[in-house]
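Have a look at the structure below, then the notes.
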Amino acid sequence: MPDSERRIVVVRHAKAVPREATDVEDFERELAHRGRRDAPEAGRRLAAFGFAVDLALCSPARRTRQTWQLMLPALADPPPTVFDDRLYQADAEELLGVLGEQADELTGLLVVGHNPAVHELAVGLCGEGPEPLVARLGKSFPTSAIAVFAVNGGWGSLAWKAARLVDLWTPRG
């Protein structure tokens, strides 16, 4: 990885209990059985990628916290985590802004969030990459999906279409 190259890992939270199946507020929805199964697998896949991140930014909603907590045991050197209130109900532009605020000493960031924002962020960042991966990313970003991007320059100069899609993983293919 060149000195100026940085990594962004975008993660959609694992499958949650449907809104209509619970009487709790959206913020408090928990992971469904499938989500509790898929999140540790996402952690193993993230570890297999071998891309270190210096900081994890996570929505404070219960399902995103649970997803990240279930991913962590697979990581040999888990990064510090910030639960940022702005990530809950953020749109893609707001997510890009949060990434752009990070210290330039950081060479890898991970964000755990919600659709449609994380899918729109991933598609918006993607300026190039292997065509099969780019096509898959454009179609969907299911629960527990992970997209890894390489970008050049400081976080403050992060812009749409400025990243290269390096890898993409979804729980079922």
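The values are calculated or read from the model by the stated rules, or taken from the named source; none is laboratory data. Quick caveat: nothing in here was measured; it's all calculated off a predicted structure. Virtual Cβ from ideal backbone geometry, glycine too; neighbours counted across all protein chains shown. Side chains are part of the model used for accessible areas, which takes the heavy atoms of the whole protein and leaves out ligands, DNA and RNA. Shrake-Rupley method; radii C 1.70, N 1.55, O 1.52, S 1.80 Å.
Here are some notes:
- Flag if Arg45 is of a type in the set (D, E, K, R), in contact with a strand residue (DSSP E or B) (Cβ under 7 Å, 6 or more places away or on another chain) and not in a strand (DSSP E or B): yes
- Unmet criterion (only one of (1) open to solvent by less than 50 Å² (accessible area, probe 1.4 Å); (2) over 24 Å from Leu125 (Cα atoms)) for Ala76: (1)
- Number of positions in region 29-71 that are surrounded by 18 or more Cβ atoms within 10 Å (Cβ to Cβ), in contact (Cβ under 8 Å) with a residue 60 or more places away in the chain, under 22 Å from Arg7 (Cα atoms) and in contact with a Pro (Cβ under 8 Å, 6 or more places away or on another chain): 2
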